[in-house]
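The structure appears right after this line, and notes come after that.
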Amino acid sequence: MTRVLVVQRDPAVADRMEADLRRFGYEVERCGGPEREQCPIAGSLPCTLVDRADVLVYDAWVAGDSDGGRRLISDLRELYVDLPVILTSADESLDWVEEEGPHRVIPFRTVPGARLLADAVEMALAEQGMAV
């Protein structure tokens with residue numbers, strides 16, 4: 001079973017995403033991010049939650065601001081080069097979001113609905129398989 005880690009600052013949004021993903025058959029773990037919990041990624045260290053995941057769904061603003069998000073995603077991509085990352089709430093104000101290269105993510109300007117999120121997970125897994 002595919003395991004998805006949802007890293008989301010808003011518990012209500014995390015609840016909805018978890019329920020949506022579970023309906024599509026995914027196993028889901030959650031994290032509130034570095035503003036709510038200790039985050040080893042923010043210290044450039046591996047994370048046991050990320051280690052267990054097949055796909056990551058991160059809120060672009062989970063680190064509090066644009067620069068914090070940029071650093072967090074950069075550290076995440078450096079530590080977990082091949083792990084797919086879906087980035088939600090990646091609006092036009094985030095000029096650091098990359099869709100190609102070593103810090104690549106699959107960005108969404110908002111939090112995607114259930115079907116779109118499930119499709120993004122499948123696309124991320126397919127792209128990961130092609131990159132190997």
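Read the figures in this text as sums done on the coordinates, not as results from a lab. Keep in mind that this is a model prediction, so the values were computed, not measured. With ideal geometry, Cβ positions are generated from the backbone for all residues, glycine too; neighbour counts draw on all protein chains shown.
Key figures
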quantity: Quarter of the Cα convex hull surface for the range 88-132, i.e. its orientation-mean projected area (nm²); calculated: 3.3 nm²
quantity: Net lengthening on full extension, residue 119/residue 51 (0.36 nm per residue, minus Cα-Cα); calculated: 22.3 nm
quantity: The range 101-111 - phi-based ³J(HN,Hα) in whole Hz, Karplus 6.51/-1.76/1.60, Gly and Pro as x; calculated: x, x, 9, 5, 9, 9, x, 10, 5, 10, 8
quantity: Candidates 105, 62, 81, ranked by Gaussian network fluctuation over the chain, Cα under 10 Å, top entry; calculated: 81
quantity: Built amide H within the under 5 Å cut-off of residue 86, gap 5+; calculated: 56, 57, 58, 106
quantity: Residue with peak Gaussian network fluctuation, the chain [Cα springs, cutoff 10 Å], from 30, 115, 77; calculated: 115
quantity: Inter-part distance where the range 30-50 and the range 70-107 are each reduced to a Cα centre, Å; calculated: 15 Å
quantity: Residue 100-residue 3 FRET efficiency (beta carbon distance; Förster radius 30 Å; 0.05 resolution); calculated: 0.75
